[in-house]
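Single-structure report; data block below.
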Amino acid sequence: MELSRSALARVPVGSRPRIAAPAPGIVHLGLGAFHRAHQAVFTEDAMAAAGGDWGIVGVAPRSPQVVEAMRAQDGLFSVTTLGPSGSSTRVIGSSAGQLLAAADPDAVVTLLGDPAIRVVTLTVTEKAYRLDPATGRLLLDDELRADLETDRPPRTVPGLLIRGLIARRRADAGPIALVSCDNLPANGHRMRGLVETLATACAVSDWVRANVTFPGTMVDRIVPASTDETLAVAAKALGVRDAAAVCGEPYLAWVIEDDFPGGRPAWEQAGAVMTGDPRPWELLKVRTLNGVHSAIAYLGAVAGRETIAAALDLPGLRPAVQRLITEDVAPSLVPPAGVDALAYGDEVLARFANPAMGHRTVQVAMDGTQKLPQRILHTIEDRRAAGAVPRWAGLAVAGWMRFVQGVADDGRPLPLNDPLADRIRARLAAAPATPDGVVDALLGLDTVFSPALAADAELRAVLVEWLTAFEKHGVAQTLAGAA
Ligand code: CS2
């Protein structure tokens, strides 16, 4: 039997939803595993603690599978928390509908214009914002231009948002908060910049300025892509099958800038931190957790390790990323009051070592051109401005440069899932196949590396040195002798 409201009687009492079907109050764009294991859980707990009509209408931009699976289950799905020893599974009841934007964009636009909706959250991945990763400027391509300049149904996330805001203005539906929950640098600022640019193009900037806020957030939970194993563990725990099951680590954090003109769930009662300034949290998290995650993913994948936990076991990798945290990341930022960046770094490494996660290195490795700037390159820029040569952050970039060449040290192919994959391949093909050639070819990606970084001879020398070592000894052996 499949999970559904009527099947809940078969589910163990402790695993049932904590609330009954809520009325909609939030639209969430991006129905991936991360949303289901994070905002959906916080929002259910907030409603269970303090009530409110904050049901989430989940919008999948393109993928019909999750929409179909959730619809067939009355919007229910489960989250399994995977501790190093033992797991627990609960069904989440915060959904209030599902839409597939690709099939029904107008329904999404209409919904955004509904006065019941007062918050929009997004987990659409970095690339969907269509911002230049290096500068944050809007990349106005033909798709987005058509969303802005014609009245065809919108096909891009920014297009959906601006059309939705225009519908909201027309309906006089009241103020709304747009909340990016993606690991973008200063995600609230980037979101505001994006929407204000679009609003200017569509002549609605006065209304947007008066009615729309852009709270910044720090979101954190490690949520690997679901596998057959995830579904099997959920079915065993629940006694019914759940085609939309997800799993995540025990750690869960959400820091949110408290700027919600139309109200919000009592997320603080679910453990979220409401703050006036999320920036220190976000910097610490993206540079430490995500930066180190990417470093481990690239180096580990090239060295033939399947998972993050297995990669962290490579001789020399842990000390290398410890030095990345201590010598490069920590001096580049001011952590939130009362938080010690080095202790945070140790906690992050302990989380990565959780063997139950099975988080694949190639999953974390994807979309590197969209992730590197905020995860690693901003650290490098800050350290260079302070006169330091960040050798360990350079190791992470070199790991990416080695990874995007597409072949692991044992000769197996590595997938290049990246919106700039064609440009990367073309640049590499046109360059000499030497460490210098590869470094110059990739530093020339101007939406990734700022002009200052691309022209930085000392950084270039560090990258060439690491790539030369990788070529001579392989990644595993280079790491073994490095730190
Ligand atoms: C990861 C993140 O896939 C990735 O790039 O670094 O999804 C990471 O697991 C989360 O940000 C943890 O909060």
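Remarks
- For L99, distant residues with modelled amide H under 5 Å away: G58, V59, A60
- Degrees separating the helix 228-238 axis from the principal Cα axis of the chain, which is the longest one: 40
- Considering helices alone, the calculated mean residue ellipticity of the chain at 222 nm is -12500 deg cm²/dmol, with DSSP H runs of length four and up weighted by -39500 (n - 2.57) and normalised per residue.
- Computed with the Debye formula from one identical point scatterer per Cα of region 298-386, without solvent, the log10 of I(q)/I(0) at q = 0.24 Å⁻¹ comes to -1.33.
- The distance from the alpha carbon centre of region 130-160 to that of region 245-286 is 28 Å, rounded to a whole number.
- Extended-chain gain in nm, criterion 0.36 nm per residue less alpha-carbon gap, E143 and R241: 31.4 nm
- Net dipole in debye of the chain [+1 Lys, Arg Cβ; -1 Asp, Glu Cβ; about Cα centre; nearest 20]: 540
- Theoretical FRET efficiency, 1/(1+(r/R0)^6), r = Cβ-Cβ of D206 and S6, R0 51 Å, to 0.05: 0.55
- Centre separation in Å (Cα based) which lies between region 165-235 and region 312-388: 26
- Region 18-162 - Kirkwood radius from inverse mean 1/r over Cα pairs (Å): 16.2
- For the chain: accessible area per residue (Å², 1.4 Å): 38
- The fraction of all Cα pairs in the chain landing in successive 20 Å bins from 0 to the largest distance is 24, 56, 20, 0, given as whole percents.
- Computed from Cα atoms, the angle from the helix 187-201 axis to the main principal axis of the chain rounds to 70 degrees.
- Radius ratio Rg over Rh of region 310-355, counting only Cα atoms, Kirkwood formula for Rh: 1.01
- In degrees, nearest ten, helix 457-480 long axis to first principal axis of the chain (Cα): 90
- Here's the picture: charge each Lys and Arg Cβ at +1 and each Asp and Glu Cβ at -1 in region 5-275, and of A23, N211, P115 the one pushed furthest to the positive end of that dipole is A23.
- Beta bridges per DSSP with both ends in the chain, % antiparallel, nearest 5: 35
- For region 453-481 versus region 420-438, the gap between their alpha-carbon centres in whole angstrom: 16
- Cα principal axis extents for region 280-480, largest first, Å: 50, 39, 30
- Ordering P250, A343, G86 by Cα displacement along the dipole of the chain toward the positive end leaves G86 in first place; charges were set at the Cβ atoms of Lys, Arg (+1) and Asp, Glu (-1).
- Percent carbon-and-sulfur accessible area, region 5-275, ignoring ligands, DNA and RNA, probe 1.4 Å: 51
- For the pair A430 and V273, the difference between a 0.36 nm per residue extended length and the Cα-Cα distance amounts to 51.6 nm.
The values are calculated or read from the model by the stated rules, or taken from the named source; none is laboratory data. As the structure is a computational prediction, the values presented were derived from the model and not from experiment. Here the Cβ is made from the backbone with ideal geometry for all residues, glycine too, and neighbour counts use every protein chain on show. Remember, those area values only see protein heavy atoms, side chains included, never the ligands or the DNA or RNA. Shrake-Rupley method; radii C 1.70, N 1.55, O 1.52, S 1.80 Å.
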